[in-house]
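Only one structure is covered here, and it is reproduced in the block below.
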Amino acid sequence: MLGDRRKVALMLLGWLAESLYWAALFFILAVAATSDAFGFYQPQEAFAEAVVLITLDGLRPEEVFSGADQRLIAADNGVKNPEQCREAYWREDREERRKRLLPFLWQMAEEDGWIAGDVESDSVVEVTNGKYFSYPGYNEILSGRADPAVDSNDKKHNKNVTVLEWLHQMPKYRGRIEAFGSWDVFPYILNAPRSGIPVNAGWQKFEGSVSETQQAINTVQELLFREWDGVRYDSLTYLAALDSLKRNQPRVLFVSLGETDDWAHGGRYDRYLLTATQNDEMIRRLWQATQSIDSYSGKTLFLVTTDHGRGDGREGWKNHGSTLPGSERIWIAAFGAGVELKGVDQGGRFQQAQVAATLAKALGEDLQSSREGIHEPLPIFRSSERQ
Ligand SMILES: [Zn+2]
């Protein structure tokens with residue numbers, strides 16, 4: 001009798017322990033499924049449904065805010081036809097001059113957006129990585145903080161998790177993020193094998209079931225003269241990005257244009273200017289495409305920036321780096337959904353590293369909760385307090 005009671009008690013105890021075990025397991029799994037790294041991650045107010053992030057490699061704030069530099073429109077700066085170049089880009093008035101170079105960016109900055117980094121408005125956007133060349137710059141833009149270990153442009157897979165990868169881990173963004181770059185290092189910067197984000201960059205061929213546009217890009221890449229081994233023409237990167245917008249409608253599209261930097265290194269000020277204007281037209285067409293697609297129209301934020309500045313003067317403009325003053329200064333523009341601040345920033349101080357959390361915040365996500373040291377979002381959104 002006593003033995004039986006003990007057996008029943010033991011059975012009940014066993015049943016209770018097992019129930020507790022399963023309850024605890026379910027709780028842990030539920031927390032893990034809805035949170036980030038076992039924290040209590042909460043999405044916040046979203047300002048946009050989609051974000052298009054565009055970078056123009058090494059385009060100086062000098063040209064963005066002041067237009068073409070008269071001193072550099074000269075034969076010794078590689079300008080083949082200085083008279084024609086002056087005719088196209090030089091105007092006495094600074095504001096008129098910058099609109100010649102970047103008409104769409106300035107139209108948006110004045111009508112429906114915000115731009116920072118104009119020294120004449122006492123506005124500063126600085127690169128914090130101290131290196132002032134491409135991989136450290138793109139890492140800072142995309143991961144939200146500088147990493148001293150990123151110290152070369154070598155094709156090494158990024159140890160840092162970019163905002164694109166962080167978003168891509170969440171089910172709602174999986175398969176909804178795409179990247180196109182002119183420079184062939186982007187699959188490494190975005191750590192494509194680990195992040196799972198489709199990245200098409202450099203002269204990389206489109207493979208698998210390709211679209212008509214991708215097929216055409218493949219053909220052109222095969223048959224056209226290549227000015228640079230590691231950088232394809234921006235027009236091809238643009239076409240691929242536009243094709244993705246129309247067919248796949250990603251929620252985050254990263255488009256990195258690269259020719260401005262290469263023409264500058266090549267000492268061709270005329271082509272540096274022309275590329276900037278063509279890049280501006282590509283941004284306009286991408287914007288127009290979003291405005292004609294229901295899932296994007298009125299719901300899309302555009303962020304436009306650069307990886308580094310450049311030096312100054314007749315030689316300095318061609319290069320960039322820690323020994324060339326000016327390389328640390330850049331610019332950031334934002335327009336479209338959610339952007340409350342308007343016009344040219346006056347007296348603000350911002351960092352390149354703020355772009356990542358800004359992109360996340362637009363979508364209602366808090367990147368700063370993911371790791372220590374992530375720079376705060378830019379204060380461009382509705383009801384955000386100016387810092
Ligand atoms: Zn460069």
Theoretical gain in end-to-end length, Ser211 to Met11 [0.36 nm per residue, Cα-Cα removed] = 65.6 nm
How much length is gained on full extension from Glu120 to Phe26, taking 0.36 nm per residue of separation minus their Cα-Cα distance?
-> 28.0 nm
Once the other residues with Cβ under 10 Å from the Cβ of Thr213 are scored (Lys, Arg +1; Asp, Glu -1), what is the net sum?
-> 0
Please arrange Met108, Met282, Met11 by counting, for each residue, the other beta carbons lying within 10 Å of its beta carbon, fewest first.
-> Met11, Met282, Met108
Which cross-chain or sequence-distant (5 or more) residues have an amide H under 5 Å from the amide H of Gly113, H modelled 1.01 Å from N in plane?
-> Gly343
Counting other beta carbons within 10 Å of each Cβ, put His308, His265 in order, fewest first.
-> His265, His308
In the chain the DSSP beta bridges are antiparallel at a rate, in percent to nearest 5, of 35
Selected from Gln84, Gly181, Ile115, residue furthest toward positive end of dipole (the chain; charges at beta carbon) | Gly181
Each residue of segment 109-119 in order: what ³J(HN,Hα) in whole Hz does its phi give by Karplus 6.51 cos²θ - 1.76 cosθ + 1.60, θ = phi - 60°, with x for Gly and Pro?
-> 4, 7, 9, 9, x, 9, 9, 10, x, 8, 4
Using θ = phi - 60° and the Karplus relation 6.51 cos²θ - 1.76 cosθ + 1.60, list the HN-Hα couplings for segment 259-272 in order, rounded to whole Hz, with x at every Gly or Pro.
-> 5, 3, 5, 6, 5, 5, 4, x, x, 9, 5, 5, 6, 4
What does the helix-only formula give at 222 nm for the chain: each DSSP H stretch with n ≥ 4 adding -39500 (n - 2.57), the total divided by the residues, and the result rounded to the nearest 500 deg cm²/dmol?
-> -12000 deg cm²/dmol
Estimated FRET transfer efficiency (Asp312, Glu340; beta-carbon r; R0 25 Å; 0.05) = 0.15
Would you please give the FRET efficiency between His265 and Ser19, computed as 1/(1 + (r/R0)^6) with r the Cβ-Cβ distance and R0 = 56 Å, to the nearest 0.05?
-> 0.25
Using the Cα centre as the reference, give the magnitude of the dipole from point charges on the C-beta atoms of the chain (Lys, Arg: +1; Asp, Glu: -1; all else neutral), rounded to the nearest 20 debye.
-> 1160
Percent of Cα pairs exceeding the 35 Å cut-off, where the set is the chain | 28
Too-long pairs where the Cα-Cα distance tops 25 Å, listed order kept, from Lys156/Lys205; Lys99/Lys246; Lys155/Lys299; Lys172/Lys361 | Lys99/Lys246; Lys155/Lys299
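Throughout, read-outs are computed from the coordinates displayed, never taken from laboratory work. Note that the coordinates shown come from a computational prediction; the quantities given were computed from them, not determined experimentally. Counting neighbours? That spans all protein chains shown, and the Cβs are built from the backbone with ideal geometry, glycine included.
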